[in-house]
Amino acid sequence: MHFTAFFAYSLRICLTLILYSFAFAVQATWYPADVIADGKKTAYTPLTQAKKAWRICALLPHGKDQYWWGVAFGLSQEAERQGVTLGIYDAGGYDNIEQQKQQLYDCQALKAQAYIIAANTADGLIADIEQLSASGIPVIDLVNGIATDKLTSRSLVSFEDMSAAAIEYIASQQRDSVDKAPVKLKVAWFPGPKDASWVMAAEQGFRRAAAKQEFDTIEGGFGTTELFIQADLVRKVLTKQSVDYVIANAVAATFAARYLDGRRNKTGKVIAFYSNAQTIELVQKKQLLATVSDSPVLQARIAIDLAVRALEGAPYPHRVSPVIKVISQDNIHQIDLEQILAPQNQWMIHQDLPQQK
């Protein structure tokens, strides 16, 4: 009896250690990662560990969808791996720039030593960021883009290239199709929140690529990425006319794919110009043609490493971009989803930067 209990206890301990070792190994396997660093394709490898528990503050626009859950997860995991102290804050929405400013000021009061900022708008924090940079505090531009060169480094992908990749995927589908394409393809376009830097970049890429392909663009209109707002925009377009393709932000693309799938006389194929868990699931279910990925979890991990490198005087690139992937029904089983999504059942991470001891 006692031996059986001891054996069961020992087995539990062994399994726990195995699982812990496995989890650590999984966490460590994100690198080397394929990126474009300062214009050159390379394999990115982070520092082994920070020299001290640097105090880093991360500001995100919101935590309402799984894209930002993945970003927060990547930030948290890499901060833990490197042994730095991290605060993660979200502003509650793209229209809450004043909230994001206040969170920056709160981090200043908490003596943050570096900042990772996914800005609500391209120019809303410029004065504060330039002041931080002038005082020697590292600032990393994450995901969204900030309209100043007076910062330390950037971990982001050009949304201009992302939307252009969606257009190019359509063009490749047409080239490979046995059916004759119409004279002009009708493409509905749903970019996202007006004035967000990433949306402005996506607009440029879409317009340039669509003009090159001579597509007929159906304007879906701007709107924040709350589901009810994007759903309303999609319904207004798709109830009035048929389209050949929809290119949209992840929230609009998810709704459009399900909306079209439920219609009796459905027309139109949907592509998301960035990815989240829903768009990837819909590609797996063959309800979404493709979803373009900028590997947000990977971007977040790299942002932490860039901040630590800057703090410690280690060499660092001034811009790092994960290689863009177009995830389709044909290649989805070959994609490393750990660079794109937080684990299943992982929600948004909020954590305050602790008071300095």
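A short reminder: the numbers here are calculations on the coordinates, not readings from a lab. In this text, all values refer to a predicted model and were calculated from it rather than measured experimentally. Don't worry about glycine lacking a Cβ; one is built from the backbone with ideal geometry, like all the others, and counts go over all protein chains shown.
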DSSP-defined beta bridges in the chain - what % are antiparallel, rounded to 5: 30 percent
For the stretch 161-233, alpha-carbon Rg and Dmax in angstrom: 13.4, 40
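May I ask you to list the trypsin sites (Lys or Arg not before Pro) in the stretch 80-163 that are in a DSSP loop and have at most 12 other Cβ atoms within 10 Å of their Cβ? Please report the intermediate quantities before stating the final value.
Details: sites: 81, 101, 111, 150, 154; in loops: 111, 150.
Sparse-neighbourhood loop trypsin sites (Lys or Arg not before Pro): 111.
Among the GluC sites (Glu not before Pro) in the stretch 116-177, which ones are in a DSSP loop with at most 16 other Cβ atoms within 10 Å of the Cβ? Mind listing them?
Passing both the DSSP loop test and the Cβ count: no residue.
Expressed as a rounded percentage, what relative contact order does the stretch 266-339 have, with Cα pairs under 8 Å and six or more residues apart?
Numbers: 77 pairs, mean separation 25.9, N = 74.
35 percent.
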Angle between the chain longest axis and helix 159-176 axis [Cα atoms, degrees, rounded to 10]: 50 degrees
Selection from 63, 344, 120 lying farthest towards where the dipole of the chain points positive, charges on Cβ: 344
Calculated FRET efficiency for the pair residue 332/residue 131, C-beta based, R₀ 51 Å, to 0.05: 0.70
Normalised contact order of the stretch 159-293, rounded percent, pairs of Cα under 8 Å and 6 or more residues apart: 25 percent
Angle in degrees between helix 66-82 and the longest Cα principal axis of the chain, rounded to the nearest 10: 30 degrees
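With r as the distance between the Cβ atoms of residue 258 and residue 171 and R0 = 35 Å, compute the FRET efficiency 1/(1 + (r/R0)^6) and round to 0.05. Mind dumping the intermediate values first?
Numbers: r = 25 Å, r/R0 = 0.73.
In this case the efficiency is close to 0.85.
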Degrees between helix 2-28 axis and first principal axis of the chain (Cα, 0 to 90, nearest 10): 60 degrees
Backbone HN-Hα couplings from phi across the stretch 285-297 [Karplus 6.51/-1.76/1.60, Hz, Gly and Pro as x]: 7, 6, 9, 10, 5, 6, 9, 8, 10, 10, 6, x, 4
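Based only on other Cβ atoms within 10 Å, what is the fewest-to-most ordering of 158, 295, 172, 153?
Numbers: 158 20, 295 29, 172 12, 153 24.
Fewest-to-most Cβ neighbours within 10 Å comes out as 172, 158, 153, 295.
Please give the net charge around residue 354, taking every other residue with its beta carbon less than 13 angstrom from that of residue 354, where Lys and Arg add +1 and Asp and Glu add -1.
So the environment of residue 354 carries a net charge of +1.
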Ordering of 321-327, 273-279, 185-191, 341-347 by packing [mean C-beta count within 10 Å, highest first]: 273-279, 185-191, 321-327, 341-347
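Report for the stretch 21-132 the percent antiparallel among DSSP-assigned beta bridges with both residues inside it, nearest 5. It would help to have the intermediate numbers written out before the result.
Working: 5 of 15 bridges.
Approximately 35 percent, going by the DSSP bridge assignments.
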Ellipsoid semi-axes in whole angstrom, largest first, where each is sqrt(5λ) of the Cα gyration tensor of the chain: 36, 27, 19
Value of Rg to Rh for the stretch 159-293 (Rh from inverse mean 1/r over Cα pairs, i.e. Kirkwood): 0.93
Max mean-square fluctuation residue, GNM over the chain, Cα-Cα springs under 10 Å, options 82, 204, 334: 334
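Can you tell me the dipole magnitude for the chain around its Cα centre, using point charges on the Cβ only (Lys, Arg +1; Asp, Glu -1), in Debye to the nearest 20?
Details: 35 positive and 36 negative charges, 123 e Å.
Here the chain has a charge dipole of around 600 debye.
Can you compute the helix-only [θ] at 222 nm over the chain? Use -39500 (n - 2.57) per DSSP H run of at least 4 residues, normalise by all residues, nearest 500 deg cm²/dmol. Don't skip to the end; give the middle numbers.
Numbers: 10 runs with 150 residues, N = 357.
Taken over the chain, the calculation gives -14000 deg cm²/dmol.
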Relative contact order (%) - the chain, alpha-carbon pairs under 8 angstrom, separation at least six: 23 percent
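Which value, in Å³ per residue, describes the convex hull spanned by the Cα atoms of the stretch 236-323?
On the way: hull volume 9.4 nm³, N = 88.
Given the Cα convex hull of the stretch 236-323, per-residue volume reads 107 Å³.
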